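First comes the structure, then the notes that go with it.
The values are calculated or read from the model by the stated rules, or taken from the named source; none is laboratory data. In this text, all values refer to a predicted model and were calculated from it rather than measured experimentally. When we count neighbours, we look across all protein chains shown, and the Cβ atoms used for this are built from the backbone with ideal geometry, even at glycine. Remember, those area values only see protein heavy atoms, side chains included, never the ligands or the DNA or RNA. Shrake-Rupley method; radii C 1.70, N 1.55, O 1.52, S 1.80 Å.
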Amino acid sequence: LANPDLTRFITTILGEGWKQDLKQMKELEQFHDTGAVLWTINDIKMLNKQRFIRETGLDLNPNSIFDVQIKRIHMYKRQIMNVLRIMMIYNDLLENPEKEFYPMTFIMAGKAAASYRSAKNVIKVFNKLAKVINNDERVNGKMKLVFIEDYNVSKAELIIPATDISEQIPTASKEASGTSNMKFMMNGALTLGTLDGANVEITEYVGEENIFLFGLRKDEVLNRYATWTDLSGRYMVKTNNKIEKAMEMLKQIDRAGEELYWELMSNDHFFTLTDLQEYVDKTYEMNSLYKNNRREWNKKCLINIANSFPFTTDRTIKQYGDEIWFK
């Protein structure tokens, strides 16, 4: 229902049986080097982007990379790191107007506890930053920011099939699991994330070459908690001038930004600033791959789709029935 074009295409290749037996999706992998299949995956993604634009009425470039973060809004899930990354890319493009950069649309959505002040601050800052970037003619055509209000299942059915990059970036050791990870991969998005939560299992199934990982690993995070006496963000700001510039920009964007600035500077216990530069670098890597080798990009998408079957409800319930409930 959410992605009828992809459903029909898989049925054309595998027949109707895969809908009742999702293990059959694994058979898609044999087409990883078949040009017609790979470019159809690309065309379906474009149709889903166009549908998203048509249904929402948003003025977006369907040819741009749709980079999407949909998670519960929380400091450990690091929407604020996404905001700082966008600031760093924005500053890079202003300083280097000739820099090779394929256009990107940054989309954020999600829910938060009504009393969670930091989450509200992140939403305010994202929307304030959107006004700045979306109205700056120097980067028009290169970057656009969109916050999707009142996120729900109906909107997910439009956003997820249209996504190119799925942001799954929690502090390692903090994400118990994650379900949007699997929804995105099943619909042909590539994951940009930390080795945490469902990303761990996704990496096992698709291989590290088909997921884009960055950041501290779980043991490194736990070791820092155990041994470091200073978890403030001051060191990273002091040693990386691009991070420093983004942080200064954060402080200047509304009172909400200033509050987030001091929160990070005094106690960055989710290592937002530690992982930030590698996060930016990995974004540029994905941007370059999409621009310069779309066939390889589509191959990775196909491999993700083919290996999404273990994460379905059907498989989970069957395993519970076989191993737990009726054992």
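Selection within the range 281-318: residues that are open to solvent by less than 40 Å² (accessible area, probe 1.4 Å) and in contact with a His (Cβ under 7 Å, 6 or more places away or on another chain). The member of this set that is nearest to Thr40 (Cα to Cα) is Leu302. Taking (1) farther than 27 Å from Phe101 by Cβ; (2) surrounded by 18 or more Cβ atoms within 10 Å (Cβ to Cβ) in turn, Gln20 satisfies each apart from (2).
Within the range 57-82, the set of residues being of a type in the set (Gly, Ala, Ser) and either without any contact (Cβ under 8 Å) to a residue 12 or more places away in the chain or open to solvent by 20 Å² or more (accessible area, probe 1.4 Å) (or both) comprises Gly57 only. Within the range 109-124, the set of residues being open to solvent by 20 Å² or more (accessible area, probe 1.4 Å) and either free of Cβ contacts under 8 Å to residues at least 24 places away in the same chain or of a type in the set (A, V, I, L, M, F, W, C) (or both) comprises Ala112, Ala113, Ala114, Ser115, Ile123.
Tell me yes or no: at least one residue of the range 256-274 is open to solvent by less than 10 Å² (accessible area, probe 1.4 Å), on the phi > 0 side of the Ramachandran plot and not in a helix (DSSP H, G or I). Yes, that holds for at least one residue. Listed by first and then second residue, the pairs linking a residue in the range 2-17 that is closer than 17 Å to Phe52 by Cβ to a residue that is open to solvent by less than 40 Å² (accessible area, probe 1.4 Å) and not in a helix (DSSP H, G or I), with Cβ atoms under 9 Å apart and 6 or more places separating them unless they lie on different chains, are Ala2/Asn187; Asn3/Asn187; Asn3/Gly188; Leu6/Asn187; Leu6/Gly188. When the range 136-168 is filtered for residues that are assigned to a loop (DSSP other than H, G, I, E, B) and under 19 Å from Asp92 (Cβ atoms), the ones remaining, listed by number, are Asp136, Glu137, Arg138, Val139, Asn140, Gly141, Lys142.
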